[in-house]
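The values are calculated or read from the model by the stated rules, or taken from the named source; none is laboratory data. Predicted model, so just to flag it, every value in this text is computed and none were measured. Counting neighbours? That spans all protein chains shown, and the Cβs are built from the backbone with ideal geometry, glycine included. Side chains included, ligands, DNA and RNA excluded: accessible areas come from the protein's heavy atoms. Shrake-Rupley method; radii C 1.70, N 1.55, O 1.52, S 1.80 Å.
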Amino acid sequence: MNDDYILSALAFNGTVRIYVAATTNMVEAARLTHEMFPTPCVALGRTMTAAALMSRTLKSETDTLTIQIKGDGPIRGIVVVSDSKSNIRGYVHNPHFNFPLNDKGKFDIAGAVGHGYLNVIKDIGLKEPYIGYVELISGEIAEDIAYYYASSEQTPTVLALGVLINSDGSVLTSGGYFIQLMPEVTEETISFLEKNIGSLPSISQMLNSSITPEEILKLIVGEHDFQILNKQDTQYKCNCSRERMERNLISLGEKELSEIQQEQHQAELTCHFCNSSYMFNDEDLSTLLKNLNKR
Ligand SMILES: [Zn+2]
């Protein structure tokens, strides 16, 4: 069953874009795939939810978006990729660690991530992908991505992400919202949003009371006009295949590939995103080498 989705809406006469996502099943699928402990699961869940929301800004079908976080905390790093249809895949470098709660009694994501940086990579079919880079200002992920939008894309952005975990370690609920102000936005709208969003319960509280994305959207705009543009399903989905893994082997080059063949007579590749493993035996490696020589 998948009831994860993202609403895209325009509000305040088209001057504000609002995206709201429900991502509980996606994050639970990631937890099961990677057998993640609660703290890394919350960190990856927030990042995946952010990628799902941000993927709605991609324009063409083949566009992809990657969020990479590198830090000196125990999680070491987070990688999440989304395609334009909001199929999300991701992993953390260290999925198996416990970390003390912070002084508010919450998962200490800032501590688990540590100091480091965040990259947003957008492959939108140009010769080179667009790569944005910011230092982490908080490590809690939502603030860091909002800071990326303010500094790299000059777009004022509000991002709220929440992942709650059951006592058995499974995902209770996950979701978030993402608000972008267009250049035409009025001062009046800005001050309304600041005040209104400040008075809303936290995203985690809203999710915990089973409020739907439609209801969250209405809470954000208050009495003002809005228009839902679309509702996109989102899910945890990897796109790996034997062909992709073959290309990875080929990209090692002839020398390294023939060394692998001579020393190990096989190669086993495991996908970081879904843990599928692909075995290439001696004969497969010979075929790959033969084709490499023909090119
Ligand atoms: Zn995979």
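For region 159-295, the fraction of 1.4 Å probe accessible surface lying on carbon and sulfur atoms is 46 percent. Couplings 3J(HN,Hα) for region 43-53, derived from phi with the Karplus relation 6.51 cos²θ - 1.76 cosθ + 1.60 (θ = phi - 60°), are 4, 5, x, 4, 5, 5, 5, 4, 5, 4, 5 Hz, where x marks Gly and Pro. Working from Cα positions, state the angle (0 to 90°, nearest 10) between the long axis of helix 24-34 and the longest principal axis of the chain. So the helix axis and the longest Cα principal axis differ by about 30 degrees.
At 1.4 Å probe size, with every protein chain present, just tell me what the per residue accessible area of region 242-294 comes to in Å².
Values: 3570 Å² over 53 residues.
About 67 Å² of surface per residue is accessible.
Tell me, what is the per residue accessible area of region 5-236 in Å², probe radius 1.4 Å? Intermediate values should be presented prior to the final figure.
On the way: 10390 Å² over 232 residues.
On a per-residue basis, region 5-236 sits at 45 Å².
Subtracting the Cα-Cα distance of ASP233 and HIS115 from their residue separation scaled by 0.36 nm leaves 39.1 nm. Along the axis of the charge dipole computed for the chain (Cβ charges of +1 for Lys and Arg, -1 for Asp and Glu, origin at the Cα centre), the listed residues THR234, GLY198, ALA43 are led at the positive end by THR234.
Each residue of region 232-237 was assigned a 3J(HN,Hα) from its phi angle through the Karplus expression (A = 6.51, B = -1.76, C = 1.60, θ = phi - 60°), giving 10, 5, 9, 7, 7, 8 Hz with x at Gly and Pro. Percent of Cα-Cα pairs more than 21 Å apart in region 88-236, please. Beyond 21 Å sits 56 percent of the P(r) for region 88-236. For the chain, the cysteines with no partner cysteine C-beta closer than 4.7 Å are CYS41.
Kindly count the pairs of lysines across the chain whose alpha carbons are less than 14 Å apart, treating pairs on different chains or eight or more residues apart as eligible. Working shown, then result.
Working: LYS59/LYS85; LYS59/LYS122; LYS85/LYS231; LYS85/LYS237; LYS255/LYS290.
Close lysine pairs found across the chain: 5.
Heavy-atom accessible area with a 1.4 Å probe sorts ARG17, ARG247, ARG46, largest first, into ARG247, ARG17, ARG46.
At 0.36 nm per residue, and after removing the present C-alpha to C-alpha distance, how many nm does the segment from SER170 to GLU283 gain when stretched out fully? Walk me through the numbers on the way to the answer.
Details: separation 113, 0.36 × 113 = 40.68 nm, distance 4.26 nm.
Result for the pair: 36.4 nm of gain on full extension.
In this Cβ point-charge picture (+1 for Lys and Arg, -1 for Asp and Glu), the chain has a dipole of about 300 debye about its Cα centre. Calculated mean residue ellipticity at 222 nm for the chain: -11000 deg cm²/dmol, from DSSP H runs with n ≥ 4 weighted as -39500 (n - 2.57), summed, divided by the residue count and rounded to 500. For the chain, the longest principal axis of the C-alpha atoms and the axis of helix 142-152 are separated by about 90°. For region 46-116, with all protein chains present and a 1.4 Å probe, just round the carbon and sulfur fraction of the accessible area to a whole percent. Heavy-atom surface of region 46-116 belonging to carbon and sulfur, 1.4 Å probe: 50 percent. Sorted largest first, the principal axis extents computed over the alpha-carbon atoms of the chain equal 69, 42, 38 Å.
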